[in-house]
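Notes follow the structure.
The values are calculated or read from the model by the stated rules, or taken from the named source; none is laboratory data. In this text the structure is predicted, and so the values were computed from the model without any measurement. Here the Cβ positions follow ideal geometry from the backbone for every residue, glycine too, while neighbour counts run over all protein chains shown. Surface areas here come from the heavy atoms of the whole protein model, side chains and all, with no ligands, DNA or RNA. Shrake-Rupley method; radii C 1.70, N 1.55, O 1.52, S 1.80 Å.
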There are 2 protein chains.
Amino acid sequence: MTVQMNSGISVDCVVFGFDGKDLKVLLIKRKYPVEGLSAEDPKLPGAMILENETIPQAASRVLEESTGLSQIYLKQVGIFSDPDRVSPEELDWICKYHNIKTERVVTVGYYALVKLTDRIISYTLRRGASWVRVDDIHYLVMDHKKILAEALLALQKEMILSPIAFELLPKKFTISQLQNLFSAVTGIGMDNRNFRKKILSSGLLKATGEKERGVAHKPAMYYEFNRSSYKKAMKERTGLEFINNWAY
Amino acid sequence: MTVQMNSGISVDCVVFGFDGKDLKVLLIKRKYPVEGLSAEDPKLPGAMILENETIPQAASRVLEESTGLSQIYLKQVGIFSDPDRVSPEELDWICKYHNIKTERVVTVGYYALVKLTDRIISYTLRRGASWVRVDDIHYLVMDHKKILAEALLALQKEMILSPIAFELLPKKFTISQLQNLFSAVTGIGMDNRNFRKKILSSGLLKATGEKERGVAHKPAMYYEFNRSSYKKAMKERTGLEFINNWAY
């Protein structure tokens, strides 16, 4: 069976990974060169949607192809629909690469959160992709830089709302790693002592009893996310949370 | 100049209004009957996007046409891209009504917040539209009921994050009206005294000195949103808000 592509709509995915210190994004190359465009240009993983799939299904497909993972945190960032978001040369490339005919491509941006395990790193490197520090990304094809900026904003917002930070951390992590993650995502430097005090008094972390090994500094304790205490707190919501939220 | 429609993509808008007591949604009628479909079927205001406009521009156009207002709070709810979201009869109706040819329509849902002034009510009623209590909406065409449900969820979430409640309230409002709004949107019943105490101690409201007139009960004070105290609180954010948010 031949599955037709819906020629006007694509998806592009910002895959975030965290290595304990820096926030990184998965970038691929254009692969097929076209007149005036380099095959080496960095871009986000993406695809045109197929006629028989939903847009989230297309995003999951792209993610599975580019990371080898199927069950990962995936969230829509927004729709990018500027009629001129793709230059004539880029449109030409898209049409040739996908063998379609379209005057315009509207893309839906997604962001995904992955744990940067050795397995995923070697999988992505084998495919010629790379993990680049967010701060080091200066150019991406088309409007992918804009999609990345919006994804980062969405991640910041969502991290305040829900404990998705733990999607990016290993199962056991130190408080420094958690703090590094928040600083990397929000861009806000935080006082170590204050962070430690607040996060420990929240009841959201569970000490594992294990400590770092083979480090030069005083070994830090490993913690886990306390899912049951989080769920309990959620159940006790009163509908008045907005007041605290607005009134910091 | 003829502007071509992008035949595969539409926008649909959930316009929320609040009358001091109930949360309402603006509904229109299908207008043009097609074999097997009634012209009386209620639906959300919507349109196919034009080739030379972005999707948010299309949503603004729909809102301006249906409410007469241009500067209103408008936010994307999500994309509805089930290949079967539109039945063959509905697709037939869309193609005839818009004079296009397409096998599928992907729609982008938006929600808008308006103050239910006399002016907007008479404008919409003149055009045959109606404001229906959210709880009284049992059927809408296509997947519009699903779009409404998602819009309500998005509104709930956003109201916890930012003071958009004031987009729905008149400039001067009573604490009861604010509480009614939160109850209507979140579905959570709140204790009057607790609500009053918390909201007054937040510093987000400013007493106007005016009171209700001609009411049977003890006249209530009118308040305004204290925008400057909100802005000040936002500036003082530390990046640690997430801890309070998760740990209620």
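At-a-glance table
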read-out: With all protein chains modelled, accessible area of A:Met190 [1.4 Å, Å²]; value: 30
read-out: For B:Leu140, distant residues with modelled amide H under 5 Å away; value: B:Lys145
read-out: DSSP-loop chymotrypsin sites (Phe, Trp or Tyr not before Pro) across the range B:117-210, with at most 10 other Cβ within 10 angstrom; value: B:Tyr139
read-out: Whole-number percent relative contact order across chain B, with pairs defined as alpha carbons under 8 Å at least 6 apart; value: 22
read-out: Contour excess over end-to-end distance, with Cα ends at B:Glu35 and B:Lys171 and 0.36 nm allotted per residue; value: 44.3 nm
read-out: Within 10 Å of each Cβ in A:73-83, the average number of Cβ atoms from other chains; value: 4
read-out: Inter-chain Cβ neighbour average for residues B:49-56, partner chain, 10 Å; value: 4
read-out: A:Gln57/A:Leu200 FRET efficiency (R0 56 Å; Cβ-Cβ; nearest 0.05); value: 0.85
read-out: Gained length - A:Leu153 relative to A:Ser229, 0.36 nm times residue gap less alpha-carbon distance; value: 24.6 nm
read-out: Kirkwood-type radius of the protein assembly as shown, with distances r between different C-alpha atoms, in Å; value: 25.3
read-out: Alpha-carbon radius of gyration plus Dmax, which is the widest Cα pair, for chain A in Å; value: 20.5, 61
read-out: Over the range A:81-205: Rg over Rh, Cα atoms, Kirkwood Rh; value: 1.07
read-out: Cα-Cα over 18 Å, subset of A:Lys206/A:Lys231; B:Lys29/B:Lys145; A:Lys75/A:Lys101; value: A:Lys75/A:Lys101
read-out: Computed accessible area, A:Lys231, all protein chains, 1.4 angstrom probe, square angstrom; value: 120
read-out: Listed residues B:Gly17, B:Gly36, B:Gly187, most fluctuating in chain B (Gaussian network, C-alpha, under 10 Å); value: B:Gly36
read-out: Averaged over A:100-113, number of beta-carbon atoms from partner chains that fall within 10 Å; value: 2
read-out: Principal-axis tilt of helix A:192-201 within chain A, Cα atoms, nearest 10 degrees; value: 80
read-out: Qualifying GluC sites (Glu not before Pro) for the range A:60-138 [loop in DSSP, other Cβ within 10 Å: at most 10]; value: none
read-out: Within the range A:171-239: Cβ-based charge dipole about Cα centre, in debye rounded to nearest 20 (Lys, Arg +1; Asp, Glu -1); value: 240
